[in-house]
Amino acid sequence: MEREKQRIRKLAGFHALVPGNRLPIVKINPHDWSTQEAIQSILQTIKSRILVLCHGHTYAKKPYIPKDVIYLDINPIARPDVIGDIRHTGFMARFPENYFDEVYLTYLPPPGPFHKRNLNIYYGVQRLLRPGGRLKSLYIYQMLARNPITTKDMIEKIIKESTKEIFSDAVVSGVMTIFVK
């Protein structure tokens, strides 16, 4: 695991991080993504069954995310435990099926949470979750809260934009459970 962390730090290079500012984006190639062997090593080292997408050790800790989790991000400056693209089904297949109890989605690539372009994320997460596992997000709830719509309208929007997918509208302490496997 330590070797993978060193490799990710090297990919990130040196960047001065200014508190409150967004992290600079470092473009990496698919061959720089974490290998299946590196991911297996991390899963054996970090016993947590919680995966946090689009987040890393550089970001401020989110109070709703438990400690001792595995971070995954495409930007090495975020200093994730695993580096890769959550929209790429081939990359997500490097994780074991039915492994995680919870997956947190802290941010999401554009254009929107339920846009067809991002559906691969939900398919990938569904494969990773064990039966009864949950996908949760504060970010999606905040996005929806910025454009106030009723729960009924939100569910209709989700169904319309995501075709046949079924999502939950349960919100506890601002954290939305998007679906339960």
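The numbers here are math on the coordinates, done by the rules we state, and not lab data. The structure displayed is predicted, hence computed values, not measured ones. Don't worry about glycine lacking a Cβ; one is built from the backbone with ideal geometry, like all the others, and counts go over all protein chains shown.
Using the 10 angstrom Cβ neighbour count as an exposure proxy, how do Val52, Val180, Val69 rank, fewest first? If you can, show how the numbers build up before the last one.
Values: Val52 24, Val180 15, Val69 21.
So the residues, fewest neighbours to most, are Val180, Val69, Val52.
Measure up Lys61/Lys136; Lys27/Lys61; Lys47/Lys136; Lys47/Lys116 against 22 Å on the Cα-Cα distance and list the ones that go over. Provide the component values of the computation, followed by the final result.
Numbers: Lys61/Lys136 16 Å; Lys27/Lys61 24 Å; Lys47/Lys136 20 Å; Lys47/Lys116 33 Å.
Over 22 Å Cα-Cα: Lys27/Lys61; Lys47/Lys116.
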